[in-house]
Each structure stands twice: as C-alpha cells, then as structure tokens.
Amino acid sequence: ELNPILVKDLRSRMRGARAYILLSVYLMVLTGVTLLLYVAVAGNTGNDLNAGRRIGQALFFTIATVALIEVCLITPILTSGSIAGEKERQTYDLLVVSLLTPWQIVWGKLVSALAFALLLIVAIVPVMSLAFLFGGIGLTEVLIAIVGLIATAVLYATIGLFWSAVMNSTLGATSFAIGTVLILLLGVPFLIVIVTLILGASAPSE
C-alpha cells in the first residue's frame, strides 16, 4: 500500500500549472546555456580535427554543471514547505494525530519532492545526449553525472525538509534552506582555500 502522504503530495504537486512552469523554465535555462556555449566553442575551433570531441566534452560538462546548480537551488525549495506549509494551513495537528507514524509522514514528504526532482534530472538526459553527436563522451560519464545529480538531490531535499520541520513558516524554512545550500556551495570551499593558504604559509621552507 502506497504512503497516503506521498500520493496526496504527488497529486497536489502535479495537478497545477506550477510544476510544468518550473520544468519549462528549468529546461529553457539549460537549453539556452547549451546553445550559447555551442556557438562560442564552435566559433573558436576552426579547422581543428578534434573540434567535435572538444565541443562534445564542453557541452557535457556545462550541461552537467548547470543542472547541478539548478538541482541544488530547486530541490530544497521543493521540501522547505512540506511541513511548514502544514503548520501555516493549520493542518499539522491533524497530520500528527493521524494513524501515520512520524517516519511515514517524513518519508512521504521527502519522496514526493524527490520524485519531482528525479523528473527534472531525467528531463536533462535528451539535452545531455547532444554531446554524443560530437563524441568525446561515453555512457559511463553520463551515468556518473546522473548518479551524482540524484545523490545531490537527496542531500539538499533532506536539508530543506529539516528546516521545514524546524521553522513555522514556508518563507523562513526556504530562507534557511537556501542559506545552508549557499554555505555548502560557497562557504565550505572558501574555508578550505583559506586553511590551505594558511597551512602553506606557515609550513617551513626548505
């Protein structure tokens, strides 16, 4: 038997136009960046015999990078309103006193968001397959990129769900979720660079 929270959230998420608008914007941004990159790279290749491979590799890594950024930003937003939204609509108490266990509630909210995130990831496969037309990219690289995107979606969806459970408003949960994502994406690498520079400067020279 399917989780009723999962079924309810999936139906409400896919019933309106918001999901299709988000998917369309997501693909438009990805396609636009891909076309701009193709024009830029193709114009600089000239008569290079390895131009096809270079274009294919550039397209693949750019598509994967843009998709990763979009997944990092969209996925926590999908879950940040899951529980906080119930509190705002004053249906949270009814959800708690239902026959569902806390694990079933959390699992249903998380999987419903991940299902839509998985749809976003699957939607990039046709765009990513353009790299095969130019060569330089194999099936292994594509599978690694997809697995990496799925793992990233799970991580950031969990972050969004955490803040949704802690905060009482969707706006607050979304703000803290996006802030946490930015810290992980920008703050942690910055700290690593700073620590590396400090350790390198303090190391005794031979």
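Observations on the model:
- Among the candidates 147, 111, 96, residue that is without any contact (Cβ under 8 Å) to a residue 24 or more places away in the chain and within 15 Å of the chain's Cα centre (by Cα): 147
For every residue, the table says whether it meets (1) at pLDDT 80 or above; (2) assigned to a helix (DSSP H, G or I).
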{"position": "13", "(1), (2)": "no, yes"}
{"position": "25", "(1), (2)": "yes, yes"}
{"position": "46", "(1), (2)": "no, no"}
{"position": "52", "(1), (2)": "no, yes"}
{"position": "60", "(1), (2)": "yes, yes"}
{"position": "66", "(1), (2)": "yes, yes"}
{"position": "73", "(1), (2)": "yes, yes"}
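- Unmet criterion (only one of (1) within 15 Å of residue 164 (Cα to Cα); (2) touching a residue at least 12 places away in the same chain (Cβ under 8 Å); (3) of a type in the set (Phe, Trp, Tyr)) for residue 60: (1)
- Search result, residues across region 93-115 that are exposed (fewer than 15 other Cβ atoms within 10 Å of the Cβ), at pLDDT 80 or above and of a type in the set (Ser, Thr, Tyr): 101
- Helices (runs of 4 or more DSSP H) lying entirely in region 116-206 (those with 3 or more residues that are buried (at least 16 other Cβ atoms within 10 Å of the Cβ)): 130-134, 139-166, 170-182
The values are calculated or read from the model by the stated rules, or taken from the named source; none is laboratory data. All values reported here derive from a predicted model rather than from experimental measurement. Reconstructed Cβ throughout: ideal geometry from the backbone, glycine too, with neighbour counts over all protein chains shown.
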